[in-house]
1. Along the charge dipole of the stretch 22-139, Cβ charges K/R +1 and D/E -1, which of LEU80, ILE41, TYR91 sits furthest on the positive end?
2. Looking at the stretch 55-141, which trypsin sites (Lys or Arg not before Pro) are in a loop (DSSP not H, G, I, E or B) and have at most 16 other Cβ atoms within 10 Å?
3. Whole Å is fine, so just give me how far the alpha carbon centre of the stretch 66-109 lies from that of the stretch 12-32.
4. With n ≥ 4 as the cut-off for DSSP H runs, can you work out [θ] at 222 nm for the chain, using -39500 (n - 2.57) per run divided by the number of residues, rounded to the nearest 500?
5. For each of MET58, MET114, MET92, count neighbouring Cβ atoms within 10 Å of the residue's Cβ, then give the residues from fewest to most.
6. In which sequence would THR125, THR56, THR27, THR78 go, from the one with the fewest C-beta neighbours within 10 Å to the one with the most?
7. Return the FRET efficiency for the residue pair LYS126, VAL14: r is the Cβ-Cβ distance, R0 is 25 Å, and the value is rounded to the nearest 0.05.
8. Can you give the direction-averaged projected area of the convex hull of the alpha-carbon atoms in the stretch 22-139, in nm²?
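Since every read-out is calculated from the coordinates, none of them should be taken as a lab result. Bear in mind that the values here come from a model prediction, so they are computed numbers and not experimental data. Cβ coordinates were reconstructed from backbone atoms using ideal geometry, including for glycine residues, and neighbour counts include every protein chain displayed.
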Amino acid sequence: MEKSTACDHTRVPVRNYRNVPRYETQTLSRSPELEFIASTIESTLCRLGFSGLDETFMDQDAARLLELFFDQYHFNDTDLELGDRVHEKGYMLLSEVIEEDLSDIPKVDLVRVMSSIYAALQRRTKGGDEYLRFINEYSGE
């Protein structure tokens, strides 16, 4: 019997990204390798958020970007709906960073670190760029 997935009216799978496996904060803080992964991803998000370009990149855009990588690496989607130019640009930049700086990291670890970042983003945002401003203090370039 084939496993069914809940879909919305457009037949697109509805996913609960908050349930993607993640590392606990203590685990991240005890591992220099996991901290490096988190710092690399967060600094890329900061580059997108504070690039000074006309395009606005807010917390919701950072969350959507992480969701695209969950779709690809965790849910094994081959066709991604990037959406608008901001998400496309962010996806391309983070893909490049992963390929150049994190290529030797197992995808399961990458997903779990991204999921930890996603959970922190969900806790800190109030609908603007609160999370991006917070991590910019620690991870920004």
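1. ILE41
2. LYS126
3. Distance between centres, Cα-based: 15 Å.
4. -18000 deg cm²/dmol
5. MET92, MET58, MET114
6. THR78, THR56, THR27, THR125
7. Calculated transfer efficiency: 0.50.
8. Averaged projected hull area, Cα only: 7.0 nm².
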